[in-house]
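The values are calculated or read from the model by the stated rules, or taken from the named source; none is laboratory data. It should be emphasised that the depicted structure is a prediction, and the values quoted were computed from it without experimental measurement. A quick note on method: Cβ atoms are made from the backbone with ideal geometry, for glycine too, and the neighbour counts reach across all protein chains shown. To get the accessible areas, we keep the full protein, side chains included, count just its heavy atoms, and leave off ligands, DNA and RNA. Shrake-Rupley method; radii C 1.70, N 1.55, O 1.52, S 1.80 Å.
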Amino acid sequence: AQSVTQLDSQVPVFEEAPVELRCNYSSSVSVYLFWYVQYPNQGLQLLLKYLSGSTLVKGINGFEAEFNKSQTSFHLRKPSVHISDTAEYFCAVSDFSSASKIIFGSGTRLSIRP
Amino acid sequence: DTGVSQNPRHKITKRGQNVTFRCDPISEHNRLYWYRQTLGQGPEFLTYFQNEAQLEKSRLLSDRFSAERPKGSFSTLEIQRTEQGDSAMYLCASRPSGGSTDTQYFGPGTRLTVL
């Protein structure tokens, strides 16, 4: 079974500052890793995903994440945030099975201060 | 491609009533998933279909819950004898059944409030 831990439930940052949202996972098998974003009153949107290959993954809206197998982490970063980045961010894993259901973390609320 | 749609977007009901939600996946996506998201938590997997076949159900899906996908297109999720603990956002997602690397696309969700 897999599990995901998002270490921070809320992260406040000032506009144009860098941000890192932390994510650790646990799994006995190889997994795919994802970050999803949920804007207020909207569904989930995929930011980026790690399947294999380069451990640094670039996504939409200037976000990137780095897969670290030894630390079982997949932290999300952005060098300069904007007010429009205010949202809930979910780290998630999926195994290689045919079902490919997604296991989500509890989310990190990113709030941007002007 | 209009994306995954869900109806209704909001549902308020009294405890003990039955409710039904509908999900229309992206056309030609033969995998369809249901998740439940409670306040302050991430979505939790409930069940999934490949075409019309329901292939996996979470233990979260009690006997009061039933999901169908009769023609392999849209899906319905019914909750019988609703309880206050059923209050949540119910999310639907779809994806092609090709490789396991395909992305799941989520709908906007149905927010259920049980009074």
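General remarks:
- Matching residues, the range B:7-25, being within 27 Å of A:CYS91 (Cα to Cα) and open to solvent by less than 20 Å² (accessible area, probe 1.4 Å): B:PHE21, B:CYS23
- As for the range A:81-102, it holds no residue that is more than 9 Å from chain B (Cβ to nearest Cβ), within 29 Å of B:TYR48 (Cβ to Cβ) and not in a strand (DSSP E or B).
- If the condition is being surrounded by 12 or more Cβ atoms within 10 Å (Cβ to Cβ) and either at positive phi or without any contact (Cβ under 8 Å) to a residue 12 or more places away in the chain (or both), then the range A:50-86 contributes A:VAL57, A:ASN61, A:GLY62, A:GLU66, A:THR72.
- In the range B:79-96, the count of residues that are more than 23 Å from A:ILE103 (Cα to Cα), part of a strand (DSSP E or B) and in contact (Cβ under 8 Å) with a residue 40 or more places away in the chain is zero.
- Taking the range A:104-114 as the range and being surrounded by fewer than 21 Cβ atoms within 10 Å (Cβ to Cβ) and in a strand (DSSP E or B) as the test, the residues that pass are A:ARG109, A:SER111, A:ILE112, A:ARG113.
- Qualifying residue in the range A:9-16 (condition: open to solvent by 40 Å² or more (accessible area, probe 1.4 Å) and within 23 Å of B:GLY109 (Cβ to Cβ)): yes
- Meets criteria (under 14 Å from the mean Cα position of the chain (by Cα), hydroxyl-bearing (Ser, Thr, Tyr), over 19 Å from A:GLN38 (Cβ atoms) and open to solvent by 20 Å² or more (accessible area, probe 1.4 Å)) for B:SER58: yes
- Only one of the numbered conditions (1) modelled with pLDDT under 95; (2) out of contact with any strand residue (DSSP E or B) (no Cβ under 6 Å at 6 or more places or on another chain) is violated by B:GLN50, and that is (2).
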